[in-house]
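Working notes, beginning with the structure itself.
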């Protein structure tokens, strides 16, 4: 894009109305600090640092859960394979907890080690699905309102003889507890990169470079390809990313946990869900003022997008502290082994127009379900019609530059003279496109040299007709400005008081601009 085109774009998108700007200023100045929440009380409890893996497994002990999330009080089944005679299980809720990062919810669980049968890939779709017996059933409780609080949980598995360790990750929801914010964990993206058993949706980390067209949640999460990424094995991309770039440690550092730590440290009133919940529940947002997508949220179904757009149009604030968001369309199908819904993810990608069309019986009326990029034919629903921005390029590692420092969103933010937030641009970035929404305000327009040209990442804000505000950071690495987990082991430290204050301002605006009444 030429310099003149960039200037013209900024003139055409020169911001929200003066009335709205004044309203935003009033909201920011009038709002008190958030009151003590259940999250504040929870994080005042003693935490433990022994949740961290000290000897990550290489298939000696591993497992998966029967669902990506459960509502508080519901049971959850664990399926565990081990070469050890016994396995110890410890259940942790992840948060701040005085910097320890987690609280032990239940320990002292020891079960027999069982060698479970290893599946083989379907020769047509590449689907790898485990047919394992149940190893342990976790029963959560509703007796104590301050126990089993909604959160992201890790079950730490430890083999008795080998000492090898791995995680099983799950989310605990509280569907009946109103809260200001709903944090979504993007588990469909976790699975897209998961090559356990030899197949992911990417040729670069799939056996024989033939990627899977269908992938199953009925399998463990594999180990990161990067040698230092084993500390997150079994947790998907919550702690460390399962990067397809084995020599690039930066992209292995992960993003979601950083924001969880910061939100809980600050005591924000937040509950948690997964994007499978966004898919299966049209009222996924019930009881909340704003919804947060964090880090890497790339794989969306039709129902996910329809439900999020409908929530925005009902007045729910949306915060995309992420990038490369809503890039690939997927479908969710039942498990062919158990019949349980939403356990198989369909993603044909580049061969969708041939192979996936046949899988949908070649019926043109189903073309809107083909698993292509959202912006491509025949779907033709570019992601910036929801986000205000959409994917530009990868890999990037640069500085985010604020270009509208006088905007109310930066009220109280101590920006450096060059208005740079070092290291928060990347590793994938989004930007504003000229055929997008007409009322987008570009708050940061950050250049980065890429293959002999300059590309840009954009941070934006817009107001939906419902009155709800939508914020998009345009970068995956934003949460690194909030918390330095994984630094310096996988990346340099990048925490920033400016990024923290900007995030606090965004959350205030999203919550207070919500135009629906919390049911």
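The values are calculated or read from the model by the stated rules, or taken from the named source; none is laboratory data. Quantities reported herein were computed from a predicted structural model and do not represent experimental measurements. Glycine gets a Cβ as well: all are built from the backbone with ideal geometry, and neighbour counts include every protein chain shown.
Details
- For segment 95-117, the condition of being in contact with a helix residue (DSSP H, G or I) (Cβ under 8 Å, 6 or more places away or on another chain) and under 13 Å from residue 138 (Cβ atoms) holds for none of the residues.
- In segment 250-258, the count of residues that are in contact (Cβ under 8 Å) with a residue 40 or more places away in the chain, farther than 26 Å from residue 511 by Cβ and surrounded by fewer than 24 Cβ atoms within 10 Å (Cβ to Cβ) is one or more.
- Test: residue in segment 129-151 that is under 30 Å from residue 356 (Cβ atoms) and exposed (fewer than 15 other Cβ atoms within 10 Å of the Cβ): yes
- From the options 438, 488, 447, 519, residue that is at pLDDT below 95 and under 29 Å from residue 252 (Cβ atoms): 488
- Residue within segment 118-136 that is under 28 Å from the mean Cα position of the chain (by Cα), under 23 Å from residue 46 (Cβ atoms) and not in a loop (DSSP other than H, G, I, E, B) present: no
- Taking segment 403-519 as the region of interest, the strands (runs of 3 or more DSSP E) fully inside it that hold 2 or more residues being over 24 Å from residue 266 (Cβ atoms) are 420-431, 441-450, 453-463.
- Selected residue (only one of 268, 272 is modelled with pLDDT of 95 or more, in a strand (DSSP E or B) and either surrounded by fewer than 24 Cβ atoms within 10 Å (Cβ to Cβ) or within 14 Å of the chain's Cα centre (by Cα) (or both)): 272
- Residues of segment 228-259 that are out of contact with any helix residue (DSSP H, G or I) (no Cβ under 9 Å at 6 or more places or on another chain), more than 25 Å from residue 80 (Cβ to Cβ) and either part of a loop (DSSP other than H, G, I, E, B) or at pLDDT 95 or above (or both): 247, 248.
- Residue match in segment 293-301 (condition: without any contact (Cβ under 8 Å) to a residue 60 or more places away in the chain and assigned to a loop (DSSP other than H, G, I, E, B)): no
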